[in-house]
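Structure, as structure tokens:
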Amino acid sequence: MTRREGWLEASGARRRMRPSQVRLYTPADFEDCVELYRLNEPNRFPAEDLPNFEKALHAGNALRFVIEEGGSLLGCGAVQVQNTERGDFAVLSYGLVHPQWHGRGIGSTLLVARIAVIPKEIPVVALMTVPASRSFYESYGFCQRASMNVRGAELPLCYARICPDDIQYCQSLLARAGVKLPAHALNVPVIVEDGGS
């Protein structure tokens, strides 16, 4: 199969996915998620961004998953739909994996789970990466579109085009890996862009 520039390429996840329990975030997960952030902060995240992550955890304006094995929280990440005058697109945010589990399939499972719940009419998925994770997302077809200055750090803004077949393929990857999403997890929040003057 020919790789399509700027399109999601999820087939590589087939070999990387890990059978794990994926469930919805609850407020009881707050401290564990904050600890994941702190463990990943050195050389990864812009200084002073932890309060923004904590605010995002409390906001409830995104569908947030956690991944756990044996009662230990190994990763978390969110997805939402942004509604703008230029069209709708999905946004992935704060995908975090415990450093001891980097390179062991948790990030791939988390990525595929979030894509699997995106509404099928959404044509693009976007995210802001940190330099340390950019190659991970590029391996799935994400391309840098721009960069944004966040508290003194230039972070790549990346995107991938998606189609209903990509979303269905991600759902089948989860099923093959034995990863079950919560049945009520298919309602991804939509954030309407404020068109204020």
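The values are calculated or read from the model by the stated rules, or taken from the named source; none is laboratory data. Here the structure is a predicted model, which means the values were calculated and not measured. Positions of Cβ are backbone-derived with ideal geometry, glycine not excepted, and every protein chain shown enters the neighbour counts.
With the structure loaded, tell me whether PHE45 is in contact with a helix residue (DSSP H, G or I) (Cβ under 8 Å, 6 or more places away or on another chain) and modelled with pLDDT under 90 or whether it fails that test.
Yes: the conditions hold for PHE45.
Can you say whether LEU39 is within 22 Å of ALA132 (Cβ to Cβ) and touching a His at 6+ places or on another chain (Cβ under 8 Å), as far as the supplied structure shows?
On the way: within 22 Å of ALA132 (Cβ to Cβ): yes; touching a His at 6+ places or on another chain (Cβ under 8 Å): yes.
Yes: the conditions hold for LEU39.
Could you tell me how many of the residues in segment 91-124 are farther than 23 Å from ASN43 by Cα and touching a Lys or Arg at 6+ places or on another chain (Cβ under 8 Å)?
The initial filter retains those residues of segment 91-124 that are farther than 23 Å from ASN43 by Cα, namely 91, 109, 112-124.
In the following step, the residues that additionally are touching a Lys or Arg at 6+ places or on another chain (Cβ under 8 Å) were identified as 109, 123-124.
Total meeting the criteria: 3.
Just to be sure before I move on: is PHE65 assigned to a helix (DSSP H, G or I), among the aromatic types (Phe, Trp, Tyr), surrounded by 15 or more Cβ atoms within 10 Å (Cβ to Cβ) and touching a residue at least 40 places away in the same chain (Cβ under 8 Å) in the structure I sent?
no
Quick one: is ARG38 closer than 21 Å to PHE142 by Cβ and charged (D, E, K, R)?
No; evaluated as a whole, the condition is false for this residue.
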